[in-house]
Amino acid sequence: AQTVTQSQPEMSVQEAETVTLSCTYDTSESDYYLFWYKQPPSRQMILVIRQEAYKQQNATENRFSVNFQKAAKSFSLKISDSQLGDAAMYFCAYKEQTSGSRLTFGEGTQLTVNP
Amino acid sequence: DAGVIQSPRHEVTEMGQEVTLRCKPISGHDYLFWYRQTMMRGLELLIYFNNNVPIDDSGMPEDRFSAKMPNASFSTLKIQPSEPRDSAVYFCASSLQGSETQYFGPGTRLLVL
């Protein structure tokens, strides 16, 4: 079974600085999807970024980018120019290539942004 | 476009009562997922549907839980009878085949006393 591990329960960053959240996963598959979701205090699960395993290029979305290391099964999220609104719980998630398959989530990293 | 809609947003009930959670997926999406989030177990899939048909219900905890999708725009998750250990946030998500990205509703926070 696939597993996702986020080894940092909590992280903090100064406003305008850069922070990197770590995620590792275990799978025997060669094709799959990886996601980062953000969960603010409202509890809404908001998609931040996604990466297809077959793509070598790292995904970017504005201030958010990933460092995808397929051989190492690592998928970290970098947040640049951190803003107060970035404070939230961040979940890394894995999904098989098969349509409709479940998301397997990590334990989450609570990010605090200090003004 | 409206996202995934869930109701109610909050539900407080007493042990033994029936609870019904509702979900309207994004229009045109053909997959619908029900997840549960607890402190102890994190986020876990309960059941998912494809074109209104239940595909995988292996995550449904026990017979007290049931889910239906009578049409493409509506699904329910029912707990009968409810127990305090069912207290959690229940999320509905939907996706479009070929896209693989699941979009989540705002969740229903359930408290069973």
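The values are calculated or read from the model by the stated rules, or taken from the named source; none is laboratory data. Everything numeric here is computed off the predicted structure, so don't read it as measured data. We place every Cβ from the backbone using ideal geometry, glycine too, and count neighbours over all the protein chains shown.
Residue by residue, here is whether (1) within 14 Å of another protein chain (Cβ to nearest Cβ); (2) within 18 Å of residue B:101 (Cα to Cα); (3) touching a residue at least 40 places away in the same chain (Cβ under 8 Å) holds:
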site	(1), (2), (3)
A:61	yes, yes, no
A:64	no, yes, no
A:67	no, no, yes
A:71	no, no, no
A:78	no, no, yes
A:82	no, no, yes
A:107	yes, no, yes
A:111	no, no, yes
A:114	no, no, yes
Legend entry - Long-range neighbours under 6 Å by Cβ, at least six apart or interchain, first residue at the interface with another protein chain (Cβ under 7 Å from one of its Cβ atoms) and without any contact (Cβ under 8 Å) to a residue 60 or more places away in the chain within the range A:40-51, second in a strand (DSSP E or B) and of a type in the set (A, V, I, L, M, F, W, C): A:43/B:89; A:45/B:104; A:50/A:35
Legend entry - Residue in the range B:28-41 that is modelled with pLDDT under 95 and more than 13 Å from every other protein chain (Cβ to nearest Cβ) present: yes
Legend entry - Test: residue A:47 is touching a Lys or Arg at 6+ places or on another chain (Cβ under 9 Å) and either surrounded by 15 or more Cβ atoms within 10 Å (Cβ to Cβ) or assigned to a strand (DSSP E or B) (or both): yes
Inset, instruction - Tally the residues that are under 19 Å from residue A:112 (Cβ atoms) and not in a strand (DSSP E or B), restricting the search to the range A:25-44. - result: 5
Legend entry - Pick from the range B:42-65, criterion aromatic (Phe, Trp, Tyr) and within 10 Å of chain A (Cβ to nearest Cβ), ranking: nearest to residue A:103 (Cα to Cα): B:48
Legend entry - Top-ranked residue in the range A:78-113 [being farther than 16 Å from residue A:52 by Cβ and among the aliphatic types (A, V, I, L, M); ranked as surrounded by the most Cβ atoms within 10 Å (Cβ to Cβ)]: A:79
Inset, instruction - Taking residue B:106 as the residue in question, decide whether it is assigned to a loop (DSSP other than H, G, I, E, B) and under 26 Å from residue B:12 (Cα atoms). - result: yes
Inset, instruction - For residue A:56, state whether it is in a loop (DSSP other than H, G, I, E, B) and within 14 Å of another protein chain (Cβ to nearest Cβ). - result: no
